[in-house]
1. Give the residues of segment 30-46 that are of a type outside the set (A, V, I, L, M) and either in contact with a strand residue (DSSP E or B) (Cβ under 9 Å, 6 or more places away or on another chain) or in a helix (DSSP H, G or I) (or both), sorted by residue number.
2. Collect the residues in segment 1-12 that are closer than 25 Å to Pro65 by Cα and either open to solvent by less than 90 Å² (accessible area, probe 1.4 Å) or in a loop (DSSP other than H, G, I, E, B) (or both), keeping them in residue-number order.
3. Check Phe18, Phe50 and return the single one that is among the aromatic types (Phe, Trp, Tyr) and either modelled with pLDDT under 90 or touching a Ser or Thr at 6+ places or on another chain (Cβ under 6 Å) (or both).
4. Out of segment 13-29, which residues are part of a loop (DSSP other than H, G, I, E, B) and among the hydroxyl-bearing types (Ser, Thr, Tyr)?
5. What number of residues in segment 17-54 are among the polar types (S, T, N, Q) and surrounded by 10 or more Cβ atoms within 10 Å (Cβ to Cβ)?
Amino acid sequence: MSRKKVTVLALAVLVGAFLLYLYGGSTAPQGQPPLVRLNAANVVSLKNAFNASANSVRVLVLVSPT
């Protein structure tokens with residue numbers, strides 16, 4: 001194999017791994033509610049779940065690419 005082909009193959013593998021990391025889905029630990037993507041349709045359920053646990057520590061982290 002030529003050096004150019006190896007470089008292109010390595011780059012393709014890296015891009016594929018990155019896309020799998022971003023869009024491949026994930027799982028939550030046992031006992032924790034499943035992960036969801038926040039959108040306008042499910043903000044109310046987030047608010048209700050947040051307010052339902054008023055007697056415990058609550059942390060809300062919003063991460064957004066810029």
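The values are calculated or read from the model by the stated rules, or taken from the named source; none is laboratory data. For clarity, every value in this text was computed on a predicted model and none was experimentally measured. Glycine also receives a Cβ, built like all others from the backbone with ideal geometry; neighbour counts cover every protein chain displayed. Ligands, DNA and RNA are excluded from the accessible area calculation, which covers all protein heavy atoms including side chains. Shrake-Rupley method; radii C 1.70, N 1.55, O 1.52, S 1.80 Å.
1. Hit for segment 30-46 is Ser45, nothing else.
2. Matches in segment 1-12: Ala12 only.
3. Phe50
4. Residues satisfying the conditions are Ser26, Thr27.
5. 2
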